[in-house]
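To start, the structure under review is shown below, and the notes come after it.
The values are calculated or read from the model by the stated rules, or taken from the named source; none is laboratory data. Predicted model only: the values in this text are computed from it and were never measured. Here Cβ is always computed from backbone atoms with ideal geometry, including for glycine, and neighbour counts include all displayed protein chains. Note: areas computed on protein heavy atoms with side chains; ligands, DNA, RNA excluded. Shrake-Rupley method; radii C 1.70, N 1.55, O 1.52, S 1.80 Å.
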Amino acid sequence: IAFKNILTATRLGEPVVEILRSKKRDNSDYHLEITMSPVTLPFEKDKKYYLGILKDVTEQQLTAQLLIEAKQKAEESTQMKSSFLASMSHEIRTPMNGVMCMLEFLKESNLDAQQLNYISIAQNSAESLLSIINDILDFSKVEAGKLEIESTDFYLTDMLDGFINSMAHQAHSKRLELILDASAIGQQVVIGDPGRLRQIMTNLVSNAIKFTERGEIVIR
């Protein structure tokens, strides 16, 4: 291809730069960069001449190839990591949900005020950890091309009620009122991904709680 490009350029009287690859006596590769530029001699204007410069670029070419191979290996490693985390999403989330469920059951048992406080702290920490796990897993799924959006029937008000209950402690710990106004929705079935919707709501409301010093937060 390089020689074909050189011949085409010289026929058209255009400059050309190509890399020529060949073998040494020890069968190792070497690369030559050829730069050819058309020139006109003042005393022979009716003839075409080319100024050619040859440069050994073997080291640069080998370095470039090594960089390409390193990049490919890094991408393959990232893909393997993402695929692993994406496939482990259920296995990682399940025990965390179990911990949170058991903490809720424990909270409803006969505990004194100090023990209830300890449970609340543990629940807060578990919810924060689950949120981080969800973000990591979702990012890995996106990288691996395995992120799937569900399409299922669910009652939006039921999902929002459960969501409000899970966020109430975080708001109350800052002496904030968390209010849900779902009067415009009613008890209607919607189609979508309740898990993703809950995740979006969690991000928005968590930020609202974080940046609100006093008063109330209304979800309408």
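Worth a mention:
- Lys, Arg +1 and Asp, Glu -1 on Cβ, resulting dipole of the chain about Cα centre, debye, nearest 20: 1140 debye
- Close amide H partners of residue 50, meaning residues 5 or more places away or on another chain with modelled amide H under 5 Å apart, are 39.
- Using only alpha carbons, the chain has a radius of gyration to Kirkwood radius ratio (Rg to Rh) of 1.36.
- Accessible surface area normalised per residue over region 133-220 is 64 Å², counting heavy atoms of protein chains with a 1.4 Å rolling probe.
- Taking every C-alpha pair closer than 8 Å and separated by at least 6 residues, the mean separation divided by the residue count of the chain gives a relative contact order of 13 percent.
- Note that region 13-20 has calculated 3J(HN,Hα) couplings of x, 10, x, 8, 10, 9, 9, 9 Hz, one per residue in order, obtained from phi through the Karplus relation 6.51 cos²θ - 1.76 cosθ + 1.60 (θ = phi - 60°); glycine and proline are x.
- Point-to-point label distance, residue 5-residue 28, nm (Cα→Cβ direction, 7 Å offset): 2.6 nm
- Residue-wise HN-Hα couplings along region 148-163, as the Karplus relation 6.51 cos²θ - 1.76 cosθ + 1.60 with θ = phi - 60° gives them from phi, are 10, 9, 6, 9, 9, 7, 7, 7, 4, 5, 5, 4, 5, 4, x, 5 Hz; Gly and Pro carry x.
- Qualifying lysines (Cα of each under 18 Å from Cα of residue 55; at least 8 residues distant if same chain): 23, 24
- Computed over protein heavy atoms with a 1.4 Å probe, the carbon and sulfur contribution to the accessible area of the chain reaches 58%.
- A Gaussian network model of the chain, with springs between Cα atoms under 10 Å, assigns the largest mean-square fluctuation among 151, 22, 83 to 22.
- Computed P(r) (all Cα pairs; region 3-128; 10 Å bins; percent): 10, 18, 14, 12, 9, 8, 10, 9, 6, 2, 1
- Stretching residue 219 away from residue 72 to a fully extended chain increases their span by 48.3 nm, per 0.36 nm per residue minus the current alpha-carbon distance.
- Candidates 78, 40, 94: whichever shows maximal mean-square fluctuation once the chain is modelled as a Gaussian network with Cα springs under 10 Å: 40
- Look at the dipole of the chain built from charges on Cβ: of 79, 188, 171, the Cα furthest out on the positive end belongs to 79.
- Residue among 42, 15, 194 with the largest mean-square fluctuation in a Gaussian network model of the chain, springs linking Cα atoms under 10 Å: 42
- With all protein chains kept in place, the per residue accessible area of region 1-43 amounts to 77 square angstrom at a probe of 1.4 angstrom.
- Residue 206/residue 84 FRET efficiency (R0 25 Å; Cβ-Cβ; nearest 0.05): 0.35
- Inter-site label distance for residue 40 and residue 179 at 7 Å from Cα along Cβ, in nm: 8.4 nm
- In the chain, helical runs assigned H by DSSP with n ≥ 4 each contribute -39500 (n - 2.57); averaged across all residues and rounded to the nearest 500, the mean residue ellipticity at 222 nm is -20000 deg cm²/dmol.
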